[in-house]
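Accompanying notes for the structure given below.
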There are 2 protein chains.
Amino acid sequence: MRPKHTTLTPQELEIMKLVWQRETATVRDIYEALLEHRKIAYTTVMTMMKILETKGYLKKRRQDRAFIYRPAHTKNQVIGGMLREFIDRVFNGSAEPLLVHLVKTRHIREKDLHKMARMIEEIK
Amino acid sequence: MRPKHTTLTPQELEIMKLVWQRETATVRDIYEALLEHRKIAYTTVMTMMKILETKGYLKKRRQDRAFIYRPAHTKNQVIGGMLREFIDRVFNGSAEPLLVHLVKTRHIREKDLHKMARMIEEIK
DNA sequence: CTTGACATACGAATTACTTAGTACTATAAA
DNA sequence: TTTATAGTACTAAGTAATTCGTATGTCAAG
């Protein structure tokens with residue numbers, strides 16, 4: 001059976017970001033990183049990481065007593081998928097109105113656009 | 001008390017889009033529009049629109065027997081807020097990596113970037 | 001006046017998300 | 001060997017999101 005949609009929820013994404021930073025991580029690693037910013041229980045982190053494994057975002061492997069987790073996909077793959085889903089849902093699939101928003105709300109500046117134009121030149 | 005976060009969920013957004021298109025709408029209007037694409041109960045739509053009113057996205061006014069709903073905020077305001085929230089959550093607040101994604105995945109084309117550059121010129 | 005159509009009000013059921021407690025196991029230190 | 005520590009497994013509970021059913025009221029047509 002297909003794993004449905006299973007998009008990353010906010011808390012799941014927060015954990016994934018930490019794992020991507022590290023390439024590899026234990027529950028304790030992530031637990032301690034999260035603790036810097038907010039109160040959370042160790043078992044909560046464990047549950048989340050187990051869910052992430054079930055959803056196919058993390059792979060685990062036993063090392064001594066603990067599990068070592070690593071990302072199943074690159075950050076670019078996953079973030080790219082989230083971006084596509086967002087554009088589909090909010091902008092009906094076309095990126096141009098998104099860009100209009102970025103420009104009009106000054107989220108993006110002229111010099112960044114120029115930087116992008118240069119980037120396109122390099123790609124092709 | 002502050003209204004918490006109350007971001008638009010996917011189904012709520014779907015309804016809001018239809019109301020924005022119409023400026024003003026009854027439950028029946030939206031119900032019939034949604035029916036074109038999927039099976040849904042009239043009361044489901046009613047509940048959703050009531051929630052949208054509670055969250056402050058819709059305003060209602062009685063006309064004869066039925067309520068007439070209208071948007072409490074413009075589409076640009078709300079979509080802009082969603083975009084900002086997305087950028088914060090996924091890209092830690094900076095729009096530039098988002099742009100990089102758009103370019104690399106060919107979601108956005110060179111000519112659109114040029115169009116944007118021209119738009120910036122007009123703004124300032 | 002009765003009845004059918006159409007509206008709201010209320011509430012319930014299901015699923016997903018988020019958090020965390022308790023029980024159990026294995027290792028390492030005393 | 002006993003015990004403290006650090007790990008997993010299992011379970012539960014609360015809230016939000018999504019869907020829809022039943023009860024009820026009102027108006028208009030017959």
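Just so you know, all these numbers are worked out from the coordinates, no wet-lab data involved. From a predicted model like this one, the values you see are computed outputs, not experimental measurements. Neighbour counts are summed over all protein chains in view; Cβ atoms, including those assigned to glycine, are modelled from backbone coordinates with ideal geometry.
Taking other Cβ atoms within 10 Å as a rough exposure proxy, B:LYS104, A:LYS17 sort from fewest to most as B:LYS104, A:LYS17. Quick one: among A:THR54, A:THR74, A:THR105, which has the greatest mean-square fluctuation in a GNM of chain A with alpha-carbon springs under 10 angstrom? Largest GNM mean-square fluctuation: A:THR105. Listed values for region A:29-35 are Karplus-derived 3J(HN,Hα) couplings in whole Hz (6.51 cos²θ - 1.76 cosθ + 1.60, θ = phi - 60°), namely 3, 5, 3, 5, 5, 5, 4, and x replaces Gly and Pro. Taking the C-alpha atoms only, the angle from helix B:10-22 to the longest principal axis of chain B is near 80 degrees.
Each label was represented as a point 7 Å from its Cα along the Cα-to-Cβ direction; for B:GLU122 and A:ARG118 these points are 2.7 nm apart.
Here B:LYS17 is the anchor, and the aspartates and glutamates within straight C-alpha reach of less than 19 Å, apart from those fewer than 8 places off in the same chain, are A:GLU85, A:ASP88, A:GLU96, B:ASP29, B:GLU32, B:GLU36, B:GLU53, B:GLU85. Taking every Cα-Cα distance in the protein assembly as shown and sorting them into 5 Å bins starting at zero, the pair-distance distribution P(r) comes out as 1, 5, 11, 13, 13, 13, 13, 13, 9, 5, 2, 1, 0, 0, 0 percent.
Relative to its residue count, region A:19-124 spans a Cα convex hull of 171 Å³ per residue.
Percent of Cα pairs in region B:2-73 per distance bin of 5 Å, from zero to the largest separation: 3, 16, 31, 27, 14, 6, 2, 0. The same position B:GLN77 in the other copies lies at 4.2 nm from this copy, comparing label points 7 Å beyond Cα toward the beta-carbon, shortest first.
Simple spin-label estimate for A:THR43 and B:LYS39 gives 4.1 nm between the two label positions (7 Å along the Cα-to-Cβ direction from each Cα).
Along Cα-to-Cβ, 7 Å out, sits the label point; list in nm, shortest first, how far the one on A:GLU110 is from those in the other copies. For A:GLU110, the inter-copy label distances come out at 2.2 nm. Placing a label point 7 Å from the Cα of B:GLU36 along the Cα-to-Cβ direction, the distances to the matching points in the other copies come to 5.0 nm, shortest first.
The string of couplings for region A:64-70 from the Karplus curve (6.51, -1.76, 1.60, θ = phi - 60°) is 6, 7, 9, 8, 9, 9, 9 Hz, one whole number per residue in order, with x for Gly and Pro.
Could you give the angle, 0 to 90 degrees to the nearest 10, between helix A:75-91's Cα long axis and the longest principal axis of the Cα atoms of chain A? Its long axis makes an angle of about 50 degrees. Distances between placed amide hydrogens fall under 5 Å for B:LYS55 paired with no residue 5 or more residues away or on another chain. Largest mean-square fluctuation among B:MET49, B:MET16, B:MET82, in a Gaussian network model of chain B whose springs join Cα atoms under 10 Å apart, belongs to B:MET82. Between helix B:42-54 and chain B there is an angle of about 60 degrees, using the helix long axis and the longest principal axis of the Cα atoms.
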